[in-house]
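For reference, the structure discussed in these notes is given below.
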Amino acid sequence: MVEHDALDATRDAYDAAAPTYARLFSDELRDRPLDRAILGAFAEAVRAEGDGRVADLGCGPGHVTAHLATLGLSVFGVDASPAMIETARRAHPGLRFDTGSMAALDIADRALDGVLSRWSVIHTPPQRLPGILAEFHRVLAPGGHLLIGFSASDGPSHPAQVFDHAVAPAYRWWPDHLAALLRTAGLAEVARLVREPRPTDHRQFREIQLLARRA
């Protein structure tokens, strides 16, 4: 019950923050060439393995969903926050956006060539993360790719580390630990991008993006 209350509180917090979040982050990729590069590599890997059907899970206001569409992917967005989904639909009326939970996706088994989880697992309690990763594996077709982004913890002695996120409590992960969880879920790491924090960044956390493939 406490766990579900926390998840409900996170959803409600994002509902309240949706207008501000969209204003702050809708243009974030413009100044992030490394992010654009790894998204481009993800798009190429997905297209090489199938028809390019991708779900952007935790899509927020839909700006990255829209970017993936420009890369030739058949992409749709899913978010737990109804307000975020409404914001995304208004901003990108030509794309599909659905309200839903990463823990129980309304997507058929093996239906997708790619899953994007860009900082969308950070509010997931550590004990629930393996279940989320198993759900990612379930919806991916063999050969499909997952790109997952998160902030790194301080070291291997801190596999998961809570921090005070601006919207709701969140977790940082040690990259090798999360990669091991991916392997357990049947997703093999292909590559990783590590971005060191800039001196001007509010939080001095390394940003990690892992690209993994379902066998």
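The values are calculated or read from the model by the stated rules, or taken from the named source; none is laboratory data. Computed from a predicted structure; not experimentally measured. Note that each Cβ is placed from the backbone with ideal geometry, even for glycine, and that neighbours are counted across all protein chains shown. Note: accessible area is taken over every heavy atom of the protein model, side chains too, but ligands, DNA and RNA are not part of it. Shrake-Rupley method; radii C 1.70, N 1.55, O 1.52, S 1.80 Å.
Remark: pairs (first residue in the range 43-68, among the basic types (Lys, Arg); second residue open to solvent by less than 10 Å² (accessible area, probe 1.4 Å) and at pLDDT below 95; Cβ separation under 8 Å; 6+ apart in sequence or on different chains) are absent. For the range 196-205, the criterion of being among the β-branched types (Val, Ile, Thr) and either farther than 30 Å from Asp15 by Cβ or touching a Phe, Trp or Tyr at 6+ places or on another chain (Cβ under 9 Å) (or both) is met by none of the residues.
The residues in the range 197-215 that are open to solvent by 80 Å² or more (accessible area, probe 1.4 Å) and within 17 Å of Val46 (Cβ to Cβ) can be counted, and the count is 2.
Given the condition among the acidic types (Asp, Glu) and either exposed (fewer than 14 other Cβ atoms within 10 Å of the Cβ) or at positive phi (or both), answer yes or no: does some residue in the range 51-64 qualify? Checking the range 51-64: at least one residue is among the acidic types (Asp, Glu) and either exposed (fewer than 14 other Cβ atoms within 10 Å of the Cβ) or at positive phi (or both). Within the range 77-117, being open to solvent by less than 50 Å² (accessible area, probe 1.4 Å) and assigned to a strand (DSSP E or B) holds for Gly77, Val78, Asp79, Phe97, Asp98, Leu112, Asp113, Gly114, Val115, Leu116, Ser117. What do you reckon, is Val194 assigned to a strand (DSSP E or B), without any contact (Cβ under 8 Å) to a residue 12 or more places away in the chain and either of a type in the set (A, V, I, L, M) or open to solvent by 60 Å² or more (accessible area, probe 1.4 Å) (or both)? In short, no.
Assess whether Ala9 counts as being assigned to a helix (DSSP H, G or I), open to solvent by 20 Å² or more (accessible area, probe 1.4 Å), over 19 Å from Gln209 (Cβ atoms) and of a type in the set (A, V, I, L, M). It would help to see each step written out before you state the result.
Numbers: assigned to a helix (DSSP H, G or I): yes; open to solvent by 20 Å² or more (accessible area, probe 1.4 Å): yes; over 19 Å from Gln209 (Cβ atoms): yes; of a type in the set (A, V, I, L, M): yes.
It is true that Ala9 is assigned to a helix (DSSP H, G or I), open to solvent by 20 Å² or more (accessible area, probe 1.4 Å), over 19 Å from Gln209 (Cβ atoms) and of a type in the set (A, V, I, L, M).
Considering only the range 59-74, I want to know if a residue exists there that is touching a strand residue (DSSP E or B) at 6+ places or on another chain (Cβ under 8 Å), of a type in the set (A, V, I, L, M) and within 15 Å of Met102 (Cβ to Cβ). Within the range 59-74 (the criterion being touching a strand residue (DSSP E or B) at 6+ places or on another chain (Cβ under 8 Å), of a type in the set (A, V, I, L, M) and within 15 Å of Met102 (Cβ to Cβ)), the answer is no, since none of the residues qualifies.
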